[in-house]
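What follows is a single structure, written as structure tokens, with notes after it.
Laboratory data are not the source of any read-out in this text; all were calculated from the coordinates shown. All values reported here derive from a predicted model rather than from experimental measurement. Here Cβ is always computed from backbone atoms with ideal geometry, including for glycine, and neighbour counts include all displayed protein chains.
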Amino acid sequence: MLVLAFDTATPEASVALVSDGQVLGERSGRAAALLALADELVREAGLTPSALEALAVGIGPGSFTGVRVGLAAARGLGLALGIPAAGVSSLAALAAAAPGALPVIDARRGEVFVDGGEPRVCLPQDVRPAPEQLCVGDGASRYRAELEAAGAVVPPDESELHRIRARFHAQLAADFGPADELEPLYLRIPDVDRVA
């Protein structure tokens with residue numbers, strides 16, 4: 001199956017073209033360039049968008065706007081091309097690059113998104129890694145001191161393990177269905193919905 005996979009939950013968006021488990025190409029950039037990056041991948045593979053058979057999309061948690069950009073793109077592509085989509089947790093995709101690692105995404109406002117069995121939002125000092133557990137993601141990099149004080153091991157900031165790569169979305173994708181039925185994984189209420 002030829003799958004276009006992408007994630008826009010963090011400041012660095014990732015797009016991959018995967019055919020039957022083989023990565024044909026992968027790009028990263030800003031969420032605003034998502035469709036251009038996808039078009040480059042499809043053209044470089046010598047294909048047209050009509051060759052795509054499915055989408056694997058990061059549903060968050062992450063930046064509210066970033067997640068919305070990815071879901072809107074998935075819904076538009078799914079409708080235009082008549083192909084199904086599967087939502088994949090951005091935390092699960094991050095962890096897939098380093099099995100056994102604890103994925104930590106920067107949630108801004110001094111908080112992180114983490115998945116130690118159940119996705120949640122918390123303060124960095126409230127993350128409870130196992131002793132010497134590897135912590136990966138932009139949140140792990142940003143809150144290195146707090147995580148290392150809790151006994152975690154955090155790779156150097158420039159490590160690839162801190163980046164979400166869309167190839168893992170294609171690997172984890174299951175339960176394909178209509179793209180317009182994809183739901184975001186929000187772990188906190190958007191500011192606009194907060195009641196003072």
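Each Lys and Arg contributes +1 and each Asp and Glu -1, all at the Cβ; summed about the Cα centre of the chain, the dipole is approximately 280 debye.
Taking neighbour Cβ counts within 10 Å as the exposure measure, how do VAL112, VAL23, VAL136 sort from fewest upward?
Numbers: VAL112 29, VAL23 15, VAL136 26.
Placing the least packed residue first, the sequence is VAL23, VAL136, VAL112.
Just how many % of Cα pairs in region 23-96 lie over 15 Å apart, if you round to the nearest whole percent?
Working: 1578 of 2701 pairs.
Cα-Cα pairs of region 23-96 separated by over 15 Å account for 58 percent.
Taking the centroid of alpha carbons for each part, region 12-91 and region 126-155 are 29 Å apart.
Angle of helix 34-44 to the longest C-alpha principal axis of the chain, folded into 0 to 90 degrees and rounded to 10: 50°. Loop-resident GluC sites (Glu not before Pro) (DSSP state other than H, G, I, E or B) in region 28-137 with no more than 10 further Cβ atoms inside 10 Å of their Cβ: GLU132. Overall size of region 1-134 from C-alpha positions, given as principal axis extents largest first: 47, 28, 23 Å.
Give, to the nearest whole percent, the P(r) tail of region 63-103 beyond 11 angstrom, counting all Cα pairs. Tail of the P(r) past 11 Å holds 69 percent of the pairs.
Computed from the C-alpha gyration tensor, the three semi-axes of the ellipsoid equivalent to region 81-192 are 27, 17, 11 Å, from longest to shortest. Enter the angle in degrees (range 0 to 90, nearest 10) between the Cα long axis of helix 64-81 and the first principal axis of the Cα atoms of the chain, meaning the one along which they spread out most. It is inclined by approximately 20 degrees. Of the residues PHE64, ALA170, PRO124, the one whose Cα sits farthest toward the positive end of the charge dipole of the chain, with +1 on the Cβ of Lys and Arg and -1 on the Cβ of Asp and Glu, is PHE64. In vacuo Debye scattering of region 98-161, one point per C-alpha: log10 I(q)/I(0) at q = 0.17, 0.27 Å⁻¹? After summing over all Cα pairs, the log10 values are -0.45, -1.23.
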